[in-house]
Amino acid sequence: DVKVTQSSRYLVKRTGEKVFLECVQDMDHENMFWYRQDPGLGLRLIYFSYDVKMKEKGDIPEGYSVSREKKERFSLILESASTNQTSMYLCASSRPDTGANVLTFGAGSRLTVL
Amino acid sequence: AQRVTQPEKLLSVFKGAPVELKCNYSYSGSPELFWYVQYSRQRLQLLLRHISRESIKGFTADLNKGETSFHLKKPFAQEEDSAMYYCALSETSGSRLTFGEGTQLTVNP
(Lines give C-alpha, C1' and ligand atoms only; values in the text may rest on other atoms or scores of the structure.)
Protein backbone atom coordinates (compact mmCIF):
# COMPACT_ATOMS: atom_id res chain seq x y z
CA ASP A 1 0.00 0.00 0.00
CA VAL A 2 2.54 2.52 -1.18
CA LYS A 3 1.21 6.02 -0.55
CA VAL A 4 4.09 8.35 -1.49
CA THR A 5 5.92 7.23 -4.59
CA GLN A 6 9.22 8.61 -5.79
CA SER A 7 9.70 7.58 -9.38
CA SER A 8 13.46 7.05 -9.29
CA ARG A 9 15.27 5.19 -6.51
CA TYR A 10 18.75 5.70 -7.96
CA LEU A 11 20.02 8.24 -10.46
CA VAL A 12 23.49 9.02 -11.75
CA LYS A 13 23.89 12.32 -13.56
CA ARG A 14 26.73 14.45 -14.82
CA THR A 15 27.60 17.94 -13.68
CA GLY A 16 25.50 20.50 -15.51
CA GLU A 17 22.67 18.15 -16.39
CA LYS A 18 19.06 19.05 -15.62
CA VAL A 19 17.51 16.60 -13.19
CA PHE A 20 13.85 15.94 -12.44
CA LEU A 21 12.77 14.10 -9.30
CA GLU A 22 9.12 13.16 -9.28
CA CYS A 23 6.89 12.50 -6.30
CA VAL A 24 3.27 11.36 -6.34
CA GLN A 25 0.97 10.75 -3.38
CA ASP A 26 -2.41 9.05 -3.43
CA MET A 27 -3.74 10.24 -0.07
CA ASP A 28 -5.24 13.54 -1.24
CA HIS A 29 -2.79 15.44 0.97
CA GLU A 30 -2.61 19.20 0.59
CA ASN A 31 0.96 19.58 1.90
CA MET A 32 4.02 18.25 0.13
CA PHE A 33 7.70 18.61 0.96
CA TRP A 34 11.15 17.93 -0.45
CA TYR A 35 14.03 17.23 1.92
CA ARG A 36 17.59 16.16 1.39
CA GLN A 37 19.11 13.70 3.83
CA ASP A 38 22.85 13.76 4.45
CA PRO A 39 24.85 11.89 7.13
CA GLY A 40 25.60 14.12 10.06
CA LEU A 41 23.34 16.87 8.77
CA GLY A 42 19.95 15.22 9.17
CA LEU A 43 17.05 16.29 6.99
CA ARG A 44 17.06 19.75 5.49
CA LEU A 45 13.98 21.26 3.88
CA ILE A 46 14.44 22.36 0.28
CA TYR A 47 10.94 23.43 -0.78
CA PHE A 48 7.38 22.81 0.29
CA SER A 49 3.90 23.40 -1.00
CA TYR A 50 0.59 23.79 0.80
CA ASP A 51 -1.57 23.86 -2.33
CA VAL A 52 -1.55 23.40 -6.06
CA LYS A 53 0.64 25.92 -7.88
CA MET A 54 1.89 27.19 -4.54
CA LYS A 55 5.49 26.82 -3.38
CA GLU A 56 7.59 28.10 -0.53
CA LYS A 57 11.35 28.06 -0.06
CA GLY A 58 12.72 25.94 2.69
CA ASP A 59 16.10 26.24 4.36
CA ILE A 60 18.29 25.30 1.39
CA PRO A 61 16.50 26.22 -1.85
CA GLU A 62 19.56 27.39 -3.77
CA GLY A 63 20.12 25.36 -6.92
CA TYR A 64 16.65 23.84 -6.82
CA SER A 65 13.18 24.64 -8.08
CA VAL A 66 9.84 22.85 -7.78
CA SER A 67 6.60 22.41 -9.63
CA ARG A 68 3.14 21.54 -8.34
CA GLU A 69 0.68 21.54 -11.20
CA LYS A 70 -1.56 18.87 -9.66
CA LYS A 71 -2.42 18.18 -6.05
CA GLU A 72 -0.92 14.70 -6.06
CA ARG A 73 2.38 15.53 -7.77
CA PHE A 74 5.33 17.56 -6.53
CA SER A 75 8.45 17.69 -8.66
CA LEU A 76 11.94 18.77 -7.64
CA ILE A 77 14.14 20.20 -10.38
CA LEU A 78 17.89 20.68 -10.38
CA GLU A 79 18.47 23.12 -13.24
CA SER A 80 22.20 22.40 -13.47
CA ALA A 81 23.33 19.57 -11.25
CA SER A 82 26.51 19.96 -9.25
CA THR A 83 28.55 17.45 -7.27
CA ASN A 84 27.48 18.99 -3.96
CA GLN A 85 23.91 18.00 -4.79
CA THR A 86 24.82 14.34 -4.49
CA SER A 87 22.44 13.21 -1.76
CA MET A 88 19.37 11.24 -0.76
CA TYR A 89 16.20 13.18 -1.58
CA LEU A 90 13.05 12.51 0.39
CA CYS A 91 9.55 13.55 -0.58
CA ALA A 92 6.82 13.75 2.06
CA SER A 93 3.20 14.75 2.35
CA SER A 94 0.71 15.60 5.08
CA ARG A 95 -2.78 16.88 5.74
CA PRO A 96 -3.34 20.10 7.67
CA ASP A 97 -6.50 18.85 9.38
CA THR A 98 -5.07 15.62 10.81
CA GLY A 99 -1.58 16.82 11.60
CA ALA A 100 0.38 19.00 9.26
CA ASN A 101 3.62 17.73 10.76
CA VAL A 102 2.66 14.06 10.68
CA LEU A 103 4.58 13.39 7.51
CA THR A 104 4.31 10.37 5.24
CA PHE A 105 7.61 9.84 3.47
CA GLY A 106 8.55 8.29 0.18
CA ALA A 107 11.29 5.69 -0.16
CA GLY A 108 13.81 8.27 -1.31
CA SER A 109 15.78 9.02 -4.46
CA ARG A 110 19.53 8.65 -4.22
CA LEU A 111 21.18 11.04 -6.66
CA THR A 112 24.84 10.88 -7.58
CA VAL A 113 26.29 13.75 -9.59
CA LEU A 114 29.61 12.99 -11.26
CA ALA B 1 15.35 30.65 14.16
CA GLN B 2 14.63 27.32 15.76
CA ARG B 3 17.32 24.70 16.00
CA VAL B 4 17.35 21.03 16.99
CA THR B 5 20.49 19.33 18.24
CA GLN B 6 21.07 15.62 18.74
CA PRO B 7 24.48 15.46 20.39
CA GLU B 8 25.12 11.76 19.73
CA LYS B 9 25.61 10.65 16.14
CA LEU B 10 26.08 7.04 17.23
CA LEU B 11 24.72 5.21 20.25
CA SER B 12 25.32 1.57 21.05
CA VAL B 13 23.68 -0.40 23.86
CA PHE B 14 23.13 -4.04 24.74
CA LYS B 15 19.77 -5.75 24.51
CA GLY B 16 17.79 -5.26 27.69
CA ALA B 17 19.67 -2.13 28.73
CA PRO B 18 17.96 1.25 29.08
CA VAL B 19 18.44 3.66 26.25
CA GLU B 20 18.11 7.44 26.04
CA LEU B 21 18.48 9.41 22.84
CA LYS B 22 19.06 13.07 23.54
CA CYS B 23 17.38 15.96 21.80
CA ASN B 24 17.83 19.62 22.66
CA TYR B 25 16.17 22.51 20.96
CA SER B 26 16.38 26.26 20.84
CA TYR B 27 13.13 28.11 20.47
CA SER B 28 11.63 30.72 22.71
CA GLY B 29 7.97 29.90 22.18
CA SER B 30 5.90 26.75 22.65
CA PRO B 31 7.14 24.20 20.17
CA GLU B 32 5.62 20.98 18.95
CA LEU B 33 8.15 18.13 19.17
CA PHE B 34 8.37 14.84 17.31
CA TRP B 35 10.52 11.76 17.01
CA TYR B 36 10.83 10.12 13.59
CA VAL B 37 12.53 6.75 12.99
CA GLN B 38 14.05 5.04 9.97
CA TYR B 39 14.67 1.31 10.21
CA SER B 40 17.11 -0.32 7.82
CA ARG B 41 15.76 -0.34 4.25
CA GLN B 42 12.48 1.23 5.37
CA ARG B 43 10.95 4.64 5.00
CA LEU B 44 11.23 7.37 7.54
CA GLN B 45 8.15 7.30 9.77
CA LEU B 46 6.67 9.05 12.76
CA LEU B 47 7.46 7.37 16.07
CA LEU B 48 5.75 9.73 18.49
CA ARG B 49 4.75 13.34 19.13
CA HIS B 50 4.77 15.08 22.46
CA ILE B 51 1.17 16.28 22.35
CA SER B 52 -0.06 12.69 22.14
CA ARG B 53 1.72 11.72 25.35
CA GLU B 54 1.62 8.09 24.28
CA SER B 55 4.13 5.27 24.38
CA ILE B 56 5.01 3.73 21.05
CA LYS B 57 6.99 0.46 20.92
CA GLY B 58 7.91 1.08 24.56
CA PHE B 59 9.43 4.49 23.84
CA THR B 60 8.41 7.64 25.67
CA ALA B 61 9.55 11.23 25.44
CA ASP B 62 8.83 14.10 27.78
CA LEU B 63 9.05 17.71 26.79
CA ASN B 64 11.13 19.62 29.33
CA LYS B 65 10.65 23.29 28.60
CA GLY B 66 13.03 24.37 31.34
CA GLU B 67 15.91 22.41 29.85
CA THR B 68 14.55 22.74 26.27
CA SER B 69 14.90 19.02 25.77
CA PHE B 70 12.82 16.17 24.39
CA HIS B 71 14.82 13.04 25.10
CA LEU B 72 13.58 9.67 23.86
CA LYS B 73 13.71 6.83 26.38
CA LYS B 74 13.09 3.13 26.56
CA PRO B 75 13.71 1.06 29.70
CA PHE B 76 14.71 -2.17 27.93
CA ALA B 77 16.16 -1.91 24.45
CA GLN B 78 15.46 -4.60 21.85
CA GLU B 79 17.52 -5.54 18.81
CA GLU B 80 14.67 -4.42 16.54
CA ASP B 81 15.04 -0.90 17.94
CA SER B 82 18.25 -0.51 15.95
CA ALA B 83 17.55 2.40 13.58
CA MET B 84 18.23 6.03 12.81
CA TYR B 85 16.25 8.37 15.02
CA TYR B 86 15.49 12.01 14.24
CA CYS B 87 14.11 14.60 16.59
CA ALA B 88 12.03 17.35 14.94
CA LEU B 89 10.41 20.62 15.97
CA SER B 90 7.75 22.91 14.60
CA GLU B 91 7.18 26.39 15.93
CA THR B 92 3.42 26.07 15.93
CA SER B 93 1.07 23.35 14.89
CA GLY B 94 1.07 23.22 11.13
CA SER B 95 4.30 25.06 10.50
CA ARG B 96 7.21 23.32 8.87
CA LEU B 97 9.43 20.84 10.66
CA THR B 98 13.06 21.37 11.55
CA PHE B 99 14.97 18.11 12.00
CA GLY B 100 18.01 17.32 14.07
CA GLU B 101 21.12 15.60 12.76
CA GLY B 102 19.96 12.14 13.73
CA THR B 103 21.25 9.43 16.07
CA GLN B 104 22.07 5.96 14.81
CA LEU B 105 21.09 3.50 17.54
CA THR B 106 22.54 0.01 17.55
CA VAL B 107 21.24 -2.56 20.00
CA ASN B 108 23.68 -5.41 20.37
CA PRO B 109 22.62 -8.96 21.30
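To keep it simple, each residue is scored yes or no on (1) of a type in the set (Ser, Thr, Tyr); (2) within 14 Å of chain B (Cβ to nearest Cβ); (3) surrounded by fewer than 16 Cβ atoms within 10 Å (Cβ to Cβ).
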{"site": "A:Ser7", "(1), (2), (3)": "yes, no, yes"}
{"site": "A:Asp28", "(1), (2), (3)": "no, no, yes"}
{"site": "A:Leu43", "(1), (2), (3)": "no, yes, no"}
{"site": "A:Tyr47", "(1), (2), (3)": "yes, yes, no"}
{"site": "A:Ser65", "(1), (2), (3)": "yes, no, yes"}
{"site": "A:Arg68", "(1), (2), (3)": "no, no, no"}
{"site": "A:Leu78", "(1), (2), (3)": "no, no, no"}
{"site": "A:Met88", "(1), (2), (3)": "no, yes, yes"}
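Determine, yes or no, whether B:Leu44 is modelled with pLDDT of 95 or more and at negative phi.
yes
Can you give me the number of residues within the range A:93-114 that are of a type in the set (A, V, I, L, M), more than 9 Å from chain B (Cβ to nearest Cβ) and either within 16 Å of the chain's Cα centre (by Cα) or crowded, with 22+ Cβ neighbours inside 10 Å (or both)?
Counting residues in the range A:93-114 that are of a type in the set (A, V, I, L, M), more than 9 Å from chain B (Cβ to nearest Cβ) and either within 16 Å of the chain's Cα centre (by Cα) or crowded, with 22+ Cβ neighbours inside 10 Å (or both) gives 1.
Go through (1) more than 11 Å from chain B (Cβ to nearest Cβ); (2) without any contact (Cβ under 8 Å) to a residue 24 or more places away in the chain one by one and return the number of the condition A:Glu56 breaks.
All conditions pass for A:Glu56, except number (1).
Which residues, counting only those in the range B:36-61, are closer than 26 Å to A:Gln37 by Cα and away from chain A (no Cβ under 12 Å)?
B:Tyr39, B:Ser40, B:Ile56, B:Lys57, B:Phe59, B:Thr60, B:Ala61
Is there a residue being touching a residue at least 60 places away in the same chain (Cβ under 8 Å), within 9 Å of another protein chain (Cβ to nearest Cβ), surrounded by fewer than 16 Cβ atoms within 10 Å (Cβ to Cβ) and not charged (D, E, K, R) anywhere in the range B:78-93?
yes
For every residue, the table says whether it meets (1) farther than 17 Å from A:Val113 by Cβ; (2) modelled with pLDDT of 95 or more; (3) over 11 Å from the mean Cα position of the chain (by Cα).
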residue	(1), (2), (3)
A:Met27	yes, no, yes
A:Asn31	yes, no, yes
A:Tyr47	yes, yes, no
A:Ile60	no, yes, yes
A:Val66	yes, yes, no
A:Glu72	yes, yes, yes
A:Thr83	no, yes, yes
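Only one residue in B:Phe14, B:Phe34, B:Phe59 is among the aromatic types (Phe, Trp, Tyr) and surrounded by fewer than 18 Cβ atoms within 10 Å (Cβ to Cβ), so which one is that?
B:Phe14
Would you please name the residue that is farthest from B:Glu8 (Cα to Cα), looking only at residues in the range B:94-109 that are buried (at least 17 other Cβ atoms within 10 Å of the Cβ) and out of contact with any Asp or Glu (no Cβ under 6 Å at 6 or more places or on another chain)?
B:Arg96
Working carefully through the options A:Ser8, A:Ser75, A:Ser80, find the one that is part of a strand (DSSP E or B) and more than 28 Å from B:Leu11 (Cα to Cα).
A:Ser75
Being away from chain A (no Cβ under 11 Å) and on the phi < 0 side of the Ramachandran plot: is that true of B:Leu72 here?
So B:Leu72 fits the description; yes.
Hey, among B:Val107, B:Val4, which residue is more than 14 Å from the chain's Cα centre (by Cα) and not in a loop (DSSP other than H, G, I, E, B)?
B:Val107
The values are calculated or read from the model by the stated rules, or taken from the named source; none is laboratory data. In this text, all values refer to a predicted model and were calculated from it rather than measured experimentally. Note that we place each Cβ from the backbone using ideal geometry, even for glycine, and neighbour counts take in every protein chain shown.
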